[in-house]
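For reference, the structure is listed below as structure tokens.
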Ligand SMILES: Cc1ncc(COP(=O)(O)O)c(C=O)c1O
């Protein structure tokens, strides 16, 4: 007998603002914010509009400090080592732009990294003469030990930085970043970890991982409003990180206890309500027993991967294990134009799911979140059977 669920999933689904006419299987792209968290977000916006001057003078500092403290507890780090940013791209542009790279320096990375950040690296490499090294991680990715050994073998005396995703965007697999950070530390190499998909998805303990730099999005899997992400920088490296936007915190007239916070926290007038709502997002997941939600989603995804690969006959890209993927998985599809498949899925079947080309193969990336159930997967499988049956 399967264990009786302690969660009312129908009630949980009703907490989301998503259009019920759409089968939404793309949580990974921009998340989806539940109603109680969205209410908190809008309450902060209303507080600001009620008395903008008093808000900025008196409410901003305690509110942002509270939001950093709650996030710090959640991801196990000193809240003073965290700054909120709207997205991981901005957070990492801040860090990358500050690096003193010289011609011949190397950034060791993989060929599974997020396109916007690859572009960021390429841009700064063109400016500095440094080299971005995309070390291949071949599919199937079925052994962390082998991946680690192959990746670490790419280190050479020119390697100054390791840049790697904890959970990749296109292939949706989990890389062993804790072990990579430890090897990098032994070799005196800086680690910059892209954890965009990690917070609220899989456990994140920065005190255990000990990266030099880590970024994560709160608006994806942590249920926070869009435009809420963070940058963590190890204390000893903080003085090396220049502000991306120079504002009042540089040569501040009223410096706080932390130059890191002064430099990065205030970037001119903007709406910070998404950051202030992060504690509500953490509370939402806690009060809904998120570990159980997450396990159920993962198990449904295991089943989904199997059903899709039964249709296509294609090999799965990693083992059925929570240490290889979480609530998001990429599965090979037949060699059909991905734009055509994605458009057909949306227009004819009302299914929102990304289909794309990665290294000459077509993939579908399925995300399963609290609001999804077996019916959503049944619809996707039926649609894929019809589409691939027609085209192959
Ligand atoms: C692995 C990874 N890194 C970084 C990002 C950050 O994206 P953005 O800064 O555009 O929100 C994403 C977004 O999907 C991602 O998948």
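Any read-out appearing in this document is the output of simple, stated calculations on the displayed coordinates, not a laboratory observation. Values in this document were obtained by computation on a predicted structure and should not be read as measured data. A quick note on method: Cβ atoms are made from the backbone with ideal geometry, for glycine too, and the neighbour counts reach across all protein chains shown.
Structure above, values below:
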item: MRE, 222 nm, helices only [DSSP H, n ≥ 4, -39500 (n - 2.57), over the chain, to nearest 500]; result: -12500 deg cm²/dmol
item: Cα gyration tensor shape for segment 82-197, rounded if a/c is under 1.5, else prolate or oblate; result: oblate
item: Mean separation of Cα contacts under 8 Å, 6 or more apart, over the residue count of segment 39-284: relative contact order %; result: 25 percent
item: Whether the chain is rounded, prolate or oblate, judged on the alpha carbon gyration tensor where a/c under 1.5 counts as rounded; result: oblate
item: Extension gain from residue 320 to residue 66, taking 0.36 nm per residue of separation minus the Cα-Cα distance; result: 87.6 nm
item: Highest average packing first - 48-56, 152-160, 222-230, Cβ atoms within 10 Å; result: 222-230, 152-160, 48-56
item: Tail fraction, Cα-Cα pairs, segment 8-76, threshold 17 Å, whole percent; result: 62 percent
item: For peptides 328-334, 296-302, sequence by mean Cβ density within 10 Å, most packed first; result: 328-334, 296-302
item: Segments 112-125, 310-323 sorted - mean Cβ within 10 Å per residue, highest first; result: 112-125, 310-323
item: For segment 191-237 versus segment 102-143, the gap between their alpha-carbon centres in whole angstrom; result: 20 Å
